[in-house]
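I have placed the structure first, in the form of structure tokens, so that the comments after it can refer back to it.
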Amino acid sequence: MNTTFGRFVPHLWLAAMIAIWGGSYAVVKASLGALPPFTVIAVRFWVAALCLLPFALVGPRRDWRTALGPGLIAGCALAIGYNLQTLGMQYTSASLAGFLAGLIVPLVAIGGCLFFRARFGLWSATGLLLAVFGMALLCWPEPGAPNRVLGVVLQLIATVSYVAHILLLSHFGSSMPTAPFCTWQMVVVALVGSACLPFEPSLVENAAANWTLPAVLLLGYLAVLASALGVGVQARVQHRIPPMHLALLFALQPLFAAFFGWLTLGERLGTMQLVGGASIVAGVVVTSLERAAASP
């Protein structure tokens, strides 16, 4: 019993981080009301890097050299995803952005098959179909929402970058010292966001007036919980999760995003969204049956 439960501890940790990331959609939306996008990205990831730095400095110096190459590669994928997604959200509705980000689920599953020789069993395929169906219902664009081509293209490229980052963590995770590996990633995203700062206009003439206590707290959530803790836990446990299970866990992200949007921003969940959420949860449960069936 304990052995069975222990196998799913990484799943629980990653699910908790995905809940935090789901909540970050509402937090990002609120923070962008006060601060421009690249400012949010730069501050978020510099603070995240500072949070991880003490843990990285505890280990031997060779860990920095070991993690440098993989950290830069994974960091570039993460930087492209965050920056292009932020730009794309200026041109598309939040629901369309969530649906496009939801494409992570089938793309991760396909990537697992291509690069990690994962196999599609009956339970996994059924769970995947339920999850994709649920995301389509949960995040389907509302009538009249802006669907500009530029925004869609940017979001699609961002989604592919996130998938690349997820697969890179599965590839490097078991052999990398976690803290330096994640710190390098945070630094890369922060540098890219900082490099883009000259190209964004301030929301008001006196930009300093936007640095209110609520704005600082929102950035704290994004930096400490969603970035430093989230990516750290992800790098630590993700390589221990089968690719198909990984894909289905990420299917929970739009469900959490819809819940926190309703809770904090007053966004309503209609019948279609509720059915979609139930379908996603069912997909996760169904997929878990395949591993249970394979166990002796």
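In a fully extended conformation the segment linking T264 and V149 would gain 38.5 nm over its present Cα-Cα distance, using 0.36 nm per residue.
Between A136 and R62, the contour length at 0.36 nm per residue exceeds the alpha carbon distance by 22.0 nm.
Read-outs throughout are calculated quantities, based only on the coordinates presented, and are distinct from any laboratory measurement. Model, not experiment: these values are computed from the prediction.
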